[in-house]
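**Student:** Pasting a structure here, questions to come.
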Amino acid sequence: MKKPVLRRWRAAALAGLALAGLVATGPAPAYAGQPVRHGGDLDLRVDVGVDGVDSVRIHAERYTPAGRPRGVQVLVPGATYDHRYFDLRRGGVDSQARRAARQGWLVIALDRVGTGESSKPPAASVTTAVHVASIDRFVDRVDALYRGLPIVLVGHSYGSVVAEGVAARSDTVDALVVTGFLYRRTEPSFEGFPELVPAATDPVLGRRKLPEGYLTTAPGSRDFFYHLPNADPAAVAADERTKSTTTAAEIPGFAEEIAGRAFARAVRVPVLVVVGEHDYLFRGNDPAAFEPDQRSAFAAAADVRAVLVPDAAHDLALHRNAPFTTGVVHRWAVGAVA
C-alpha cells in the first residue's frame with residue numbers, strides 16, 4: 001500500500017541532518033524512563049508463493065511505548081537467532097527492543113520463517129526469497145495496523161540482507177537500518193566462523209522436533225560473535241541457551257548479496273549501516289573505505305550513513321555498550337522519518 005510521496009521527500013531531506021546528533025545524549029526527555037508494555041501477541045499468516053511455500057505464520061513480539069509512538073521499528077534477526085537477539089534478558093541492561101520502546105518507538109521483533117514460533121517448512125524451502133516475500137507482506141500488515149506511522153526496518157547480520165530485500169521492493173518501508181552486515185571492495189574473511197551442525201543433535205535444540213536439515217552453531221562456539229573484553233559472560237551464556245536455527249538454503253542468499261549487491265542497488269529509502277569494529281565482516285577492511293563503500297553499494301538510496309561502533313563485534317545488541325548502538329539507531333531514525 002502506497003504512502004504519500006511527500007514523506008519520501010521529507011525523509012531524504014531530513015536524513016542528511018540526522019548524523020550530526022548520532023553520538024549525542026540518550027532518548028528524548030518525553031520518553032525517557034517511561035514504562036514499556038510487552039506482549040507476544042502478534043501472529044500473522046501471510047502469503048508467500050515462492051520456493052514451494054504457499055503461506056506461513058510469522059510470530060512477533062511487540063514493545064509499546066507509554067505515549068504516542070513516533071514510528072514503528074520492525075526488527076529482523078539473523079541466522080541462528082530469533083526475536084530474542086533483540087530482547088535477550090541479561091542483568092539490569094535494557095535490551096535493544098525495550099530501549100527502543102522507551103525512546104518512543106513501537107517495536108516489533110519477529111521470528112523469521114524457520115525460527116522461534118514462526119512456521120517451519122522443510123529446510124530446502126527456508127530460503128532468502130521466502131524470507132523476503134513473507135516479511136514484505138508482514139510489513140504491509142503492520143502498516144495497515146498502524147496506518148500513518150512511519151516504518152523503520154532494522155536488520156541484523158543475515159537479517160540485514162533480508163531487510164534490504166524487503167526495503168528494495170516495499171512501498172511501506174520508510175527507512176532501513178543495516179547492522180552486523182556491510183559491503184566492502186575486498187573479500188571478507190570467514191575464518192573461525194562457527195561450525196554448523198544438525199539442530200537435531202544439539203543439546204539446546206535437539207528436543208524440539210525440528211524438520212530434517214535445520215542447522216545451528218556447534219555447542220560453545222558463539223564466542224565468535226563477540227568482542228569478549230566488552231561482553232558479559234552471562235549474555236554469551238544466555239545467547240547459547242536461546243540460539244535458533246539456519247538452513248543450507250539460506251547461505252546462497254547471503255553470499256549472492258555480498259557479491260552482487262542486487263538488494264542494495266534497489267533500495268531507495270534512507271539507509272544507516274552500523275558495524276562493530278571487531279566484527280568478522282569488518283576484519284581486515286580499510287576503515288577509510290567503510291562509509292564510501294556503503295554509499296557505493298546503496299547508490300540509489302535517498303541518503304546513506306555508516307557508523308563503526310568501538311569495542312563491539314558482530315552481536316552489537318548483546319555487548320555491554322549495546323545502549324550506545326540503540327541510541328545511534330534512534331537518533332538517525334528520528335531524522336530519517338520525521
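**Student:** Is it the case that region 232-247 has a residue that's under 20 Å from residue 178 (Cα atoms) and assigned to a helix (DSSP H, G or I)?
**Tutor:** The answer is no; no qualifying residue exists.
**Student:** Of everything in region 239-258 that's touching an Asp or Glu at 6+ places or on another chain (Cβ under 9 Å) and of a type in the set (Gly, Ala, Ser), which residue is farthest from residue 128 (Cα to Cα)?
**Tutor:** Going through the qualifying residues, I end up with 244.
**Student:** Which of the residues that make up region 48-62 are out of contact with any Ser or Thr (no Cβ under 9 Å at 6 or more places or on another chain) and acidic (Asp, Glu)?
**Tutor:** 54, 61
**Student:** Here's another thing I want to ask about it. Looking at region 169-216, which of its residues are closer than 24 Å to residue 117 by Cα, touching a helix residue (DSSP H, G or I) at 6+ places or on another chain (Cβ under 7 Å) and surrounded by fewer than 16 Cβ atoms within 10 Å (Cβ to Cβ)?
**Tutor:** 204, 206, 212
**Student:** Select from region 109-166 the residues that are among the charged types (D, E, K, R), farther than 27 Å from residue 68 by Cα and not in a helix (DSSP H, G or I) and write down the one among them that is nearest to the chain's Cα centre (by Cα).
**Tutor:** Among those residues, the one meeting the criterion is 112.
**Student:** Considering each residue of region 199-229, count those that are of a type outside the set (A, V, I, L, M) and more than 22 Å from residue 122 (Cβ to Cβ), and give that number.
**Tutor:** Residues flagged as of a type outside the set (A, V, I, L, M) and more than 22 Å from residue 122 (Cβ to Cβ) within region 199-229 amount to 11.
**Student:** Among 68, 45, which is part of a loop (DSSP other than H, G, I, E, B), out of contact with any Cys (no Cβ under 8 Å at 6 or more places or on another chain) and either farther than 28 Å from residue 334 by Cβ or modelled with pLDDT under 95 (or both)?
**Tutor:** 68
Each row is one residue, and each column tells you yes or no for (1) outside any helix (DSSP H, G or I); (2) among the β-branched types (Val, Ile, Thr); (3) within 19 Å of the chain's Cα centre (by Cα); (4) under 17 Å from residue 158 (Cα atoms).
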position: 252; (1), (2), (3), (4): no, no, yes, yes
position: 272; (1), (2), (3), (4): yes, no, yes, yes
position: 296; (1), (2), (3), (4): no, no, no, no
position: 307; (1), (2), (3), (4): yes, yes, yes, no
position: 320; (1), (2), (3), (4): yes, no, yes, no
position: 336; (1), (2), (3), (4): no, no, yes, no
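**Student:** Evaluate the following for residue 278: is it farther than 16 Å from residue 177 by Cβ and surrounded by fewer than 23 Cβ atoms within 10 Å (Cβ to Cβ)?
**Tutor:** Yes.
The values are calculated or read from the model by the stated rules, or taken from the named source; none is laboratory data. Note that the coordinates shown come from a computational prediction; the quantities given were computed from them, not determined experimentally. With ideal geometry, Cβ positions are generated from the backbone for all residues, glycine too; neighbour counts draw on all protein chains shown.
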